[in-house]
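Some notes on the structure that comes next.
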Amino acid sequence: MKLYTKTICPKCLWVKAEIERAGLQAEIINIDKDADALALLQQKGYMSVPVLEVDGSWYHDQKEMVQAVQLMHA
């Protein structure tokens, strides 16, 4: 699981907290510091973060991210 974030991103912090609350871990990728990651998100059509990638599935909607995390925790 990878969570794409930015340095200042309250929504990213919320999703990260939900992942931790579920007892899971995610690789945190800061697109402010990783140009390749930023390019990948842009290539996929994402213009903002957070973006969550889980086993090849991509989520941009925060509710869908939390649902995906909850399913992994179940």
Practice item. Could you please find all residues in region 6-16 being exposed (fewer than 14 other Cβ atoms within 10 Å of the Cβ) and more than 11 Å from the chain's Cα centre (by Cα)? Key: THR7, ILE8, PRO10
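Considering only region 1-12, state which residues are among the hydrophobic types (A, V, I, L, M, F, W, C) and in a helix (DSSP H, G or I). Give the derivation first.
First, pick out the residues of region 1-12 that are among the hydrophobic types (A, V, I, L, M, F, W, C): 1, 3, 8-9, 12.
Answer for region 1-12, where residues must be among the hydrophobic types (A, V, I, L, M, F, W, C) and in a helix (DSSP H, G or I): just CYS12.
Could you tell me how many of the residues in region 54-65 are touching a Phe, Trp or Tyr at 6+ places or on another chain (Cβ under 9 Å) and under 14 Å from LEU24 (Cα atoms)?
Of region 54-65, the ones touching a Phe, Trp or Tyr at 6+ places or on another chain (Cβ under 9 Å) are 58, 60, 62, 65.
Pick out the ones that are also under 14 Å from LEU24 (Cα atoms) and you get 65.
Selection size over region 54-65: 1.
Name the one entry in GLN62, GLN67 that is within 11 Å of the chain's Cα centre (by Cα) and more than 12 Å from TYR4 (Cβ to Cβ).
Details: GLN67 fails: within 11 Å of the chain's Cα centre (by Cα).
Only one candidate qualifies: GLN62.
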Check your understanding: Right, VAL15: closer than 12 Å to LEU3 by Cβ and outside any loop (DSSP other than H, G, I, E, B) or not?
Key -> yes
Practice item. Just give me the residues in region 28-74 being of a type outside the set (Asp, Glu) and in a strand (DSSP E or B), in sequence order. Key: ILE28, ILE29, ASN30, VAL51, LEU52, VAL54, SER57, TRP58, TYR59
**Study point:** Failed item in (1) touching a Leu at 6+ places or on another chain (Cβ under 7 Å); (2) surrounded by fewer than 11 Cβ atoms within 10 Å (Cβ to Cβ), with LEU3 passing the rest
**Key:** (2)
Point to revise | In region 21-37, the residues that are surrounded by 12 or more Cβ atoms within 10 Å (Cβ to Cβ), over 13 Å from LYS6 (Cα atoms) and either under 11 Å from the mean Cα position of the chain (by Cα) or free of Cβ contacts under 8 Å to residues at least 12 places away in the same chain (or both) | key: ARG21, ALA26
Revision key, fill the gap. Here the residues within region 1-44 that are closer than 13 Å to GLN62 by Cα, among the basic types (Lys, Arg) and in contact with a helix residue (DSSP H, G or I) (Cβ under 8 Å, 6 or more places away or on another chain) are LYS11
Review point. Could you list, in sequence order, the residues of region 38-61 that are crowded, with 18+ Cβ neighbours inside 10 Å and within 22 Å of MET72 (Cβ to Cβ)?
Key: LEU41, VAL49, PRO50, VAL51, LEU52, GLU53, TYR59
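Readers should treat all values here as calculations from the given coordinates under stated rules, not as data from a laboratory. Fair warning: this is a prediction, and the values are worked out from it, not measured in the lab. No Cβ is skipped: glycine too gets one built from the backbone with ideal geometry, and neighbour counts run over all protein chains shown.
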